[in-house]
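The block underneath contains the structure these notes are about, expressed in structure tokens.
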């Protein structure tokens, strides 16, 4: 810290030096000194009053009108002083907020992390990256004792903190689902009622919910307006859209969801994604869904985790490492 | 990333908003302000013209959903017209096309 007396002496020395020699170096030192004063929280009008005091000392017989002009200048600077203090205050508050957001982001991360289950018949890969500190994307895997695996992927509309808070609400609603497995259509109908009641009217959630029967290798699924994924049939060696129609959660309380079913053969693949994957914007424009399929196809011989990691890296590169939206990509591959 | 909102009268006498540009997280608040005020009247009739909306993301859909809910409460009507294929797909996926009236732009001449 700098005390009043030290500042006075140093300022006086620099000022005297400059008035004598008018050299550039002293001017530059004055500039450096001003930075130091800012760091020490010295306000503009404090600097000015020091200047005036020194001038009085140097020129005791100063013209009275010149001297009173200093008083006028001092008054005129008071507004700047207030603005400066306000700025300091805001900087402090901003730092405080940033710390709080960091903590909240960490809490959210630990809340939303869903362990990827180890299953003999399925190879599962997941990647989920937020565009900002907090994510509006959500996924979860739950496996029960009867070898049913439930898979959810969701996107809260809006980004940042409001979206993340809403996501946490969904997470709790899902956790309080009854222990026994529930039909995907029923899960979505329940969540729809929760979201419709609780959320700001312009906020909504899209979700894909699937239930995989490991014994029969059947996937039962339903979608609430979620970006469609893909199904890869190894027999046809073809990717098709994993179509499922349904309204977004929170739109209409009485919405019913249709349930779909698919038999998964060895080598088949299910690709689930959030719109951050398909809304990827590059210099040339938006990437097409077909391009995402091509990226996956090129890497199909690798493990599911390697595929999602590598597709993410490629899309991140195409967007010049600036994610516009939260990005989640899940691949489930039935082992051969 | 910019959105121009032009306000006029639709052929049916209701309010018309023509959206030119991109409707995304940055521009959606602007539309939200204008649109929600228009639909906040008993029996409000509002038409959104999206033929010059070259990009819309889910935040835009959110504003339209909020307006739709308000219109339902106020016994009004909300019509959307001139959807580009990309926006139409978004309406289909989210299920909005089942509940919001979508009109072909050619049928709806504006004054």
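Read-outs throughout are calculated quantities, based only on the coordinates presented, and are distinct from any laboratory measurement. Small disclaimer: the values here were computed from a predicted structure and weren't measured. Glycine also receives a Cβ, built like all others from the backbone with ideal geometry; neighbour counts cover every protein chain displayed.
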Between the Cα axis of helix A:64-112 and the main Cα principal axis of chain A, the angle (0 to 90°, nearest 10) is 20
At the level of C-alpha centres, the distance separating segment B:8-50 and segment A:192-259, in angstrom, is 30
When A:36, A:217, A:226 are ranked with the fewest other C-beta atoms within 10 Å first, the list becomes A:36, A:217, A:226
Here the relative contact order (percent) of segment A:114-334, from C-alpha pairs under 8 Å and at least 6 apart, is 26
On each of the three principal axes the extent of the alpha-carbon atoms of segment A:114-334, given in whole Å and largest first, is 44, 43, 28
For segment A:3-91, one quarter of the surface area of the C-alpha convex hull, expressed in nm², comes to 6.3
Within 10 Å of the Cβ of an average residue in A:242-249, the count of other chain Cβ atoms is 3
The protein assembly as shown, Kirkwood Rh and Cα Rg, ratio Rg/Rh at 1.17
In nanometres, the difference between 0.36 nm per residue of separation and the alpha-carbon distance of residue A:236 and residue A:66 is 51.9 nm
Given A:164-174, A:100-110, the highest-first ranking by average Cβ count within 10 Å works out to A:164-174, A:100-110
Neighbour-count ranking for B:15, A:67, A:20 (other C-beta within 10 angstrom, fewest to most) reads A:20, A:67, B:15
Helix A:24-39 sits off the longest principal axis of the Cα atoms of chain A, rounded to the nearest 10 on a 0 to 90 degree scale, by 60
With the 8 Å Cα cutoff and a minimum separation of six or more residues, chain B has a relative contact order in percent of 27
Taking chain A and counting helices only, DSSP H stretches of n ≥ 4 at -39,500 (n - 2.57) each over all residues, the nearest-500 ellipticity at 222 nm comes to -16000 deg cm²/dmol
Distance in nm between residue A:5 and residue A:109 label points, each 7 Å along Cα→Cβ, equals 5.0
Ranked output for segments B:76-83, B:37-44 by mean other Cβ atoms within 10 Å, highest leading, reads B:76-83, B:37-44
Output field shielding_mean for B:64-72 (other chain Cβ, 10 Å radius) holds 3
The answer for the per residue Cα convex hull volume of segment B:3-107, in Å³, is 85
Relative contact order as a percentage, segment A:4-94, C-alpha pairs under 8 Å and 6+ apart, gives 31
Rounded to the nearest 10 degrees, the helix A:184-198 long axis (Cα) sits at an angle to the longest Cα principal axis of chain A of 30
Summing -39500 (n - 2.57) over every DSSP H run of at least 4 in chain B, dividing by its residue total and rounding to the nearest 500, the 222 nm mean residue ellipticity is -11500 deg cm²/dmol
